[in-house]
């Protein structure tokens, strides 16, 4: 299946000048959604994974079923003020400003093998922030995966030294 053709471009969202890659048109197609999850499962089927860390909000779409299929725990990374217990935070730059991500301070145990999952790799800021949160809690990043990578933004550079995988690439 040509998955890239199922992704809708939305110009000037969330701000003028940004071409947003809308995945809702892909995930509403059952076969396409299953293909993406199966791809992620195949990537990590042969390694021991303790938990999947997914970035709010679209990362949850892929992270939760991946965790289930791998028999791993699921850890949500959220925007500030959304998690109910004590958190650690990490700020980062993105294409159109800055943001901060938080994780519960007890979400990762030292030495746990962790996958970091999101829907899209753009400049790499949010993914790097999530990796930093995992490592601050003593987790070991076993892999970082995305459904989409915007190659022209070079986000992979911020994740140098990590096993980064992307299914669909846009130049």
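Every number here is computed from the coordinates shown, using simple stated rules; none is lab data. Values in this document were obtained by computation on a predicted structure and should not be read as measured data. Heads up, the Cβs are rebuilt from the backbone with ideal geometry, glycines too, and the neighbour counts pull from every protein chain shown.
Starting from the Cα gyration tensor of the range 1-91, take the square roots of the eigenvalues, sort them a ≥ b ≥ c, and report rounded, prolate or oblate (rounded when a/c is under 1.5, otherwise prolate if a/b is larger than b/c, else oblate).
Note, shape of the range 1-91 comes out oblate.
Applying 0.36 nm per residue to the separation of residue 169 and residue 94 and subtracting their alpha-carbon distance, the gain on full extension is 25.1 nm.
First check a/c for the range 92-149, with a ≥ b ≥ c the square roots of the eigenvalues of its C-alpha gyration tensor; if it is under 1.5, answer rounded, and if not, answer prolate when a/b is larger than b/c or oblate otherwise. Oblate shape, in that a/c is at least 1.5 and b/c is the bigger or equal ratio.
Nearest-5 percent of antiparallel DSSP beta bridges in the chain?
Of the beta bridges lying entirely in the chain, close to 35 percent run antiparallel.
Take the alpha carbon atoms of the range 78-143, find their center, do the same for the range 1-56, and report the distance between the two centers in whole angstrom. Going from one Cα centre to the other spans 19 Å. Per residue of the chain, the DSSP helices (runs of n ≥ 4 H) give a summed -39500 (n - 2.57) that works out to -8000 deg cm²/dmol at 222 nm. Give, as ranges by residue number, the residues of the range 127-152 whose backbone N falls under 20 Å from the point 7 Å along Cα→Cβ of residue 79. Answer for this model: 127-131, 133. Extension gain, residue 20 to residue 1, is 4.7 nm, computed as 0.36 nm per intervening residue step minus the present C-alpha separation. I need the shape label for the range 47-170. Rule: rounded when a/c is under 1.5, else prolate if a/b > b/c, else oblate, with a, b, c from the alpha carbon gyration tensor. The shape class here is oblate.
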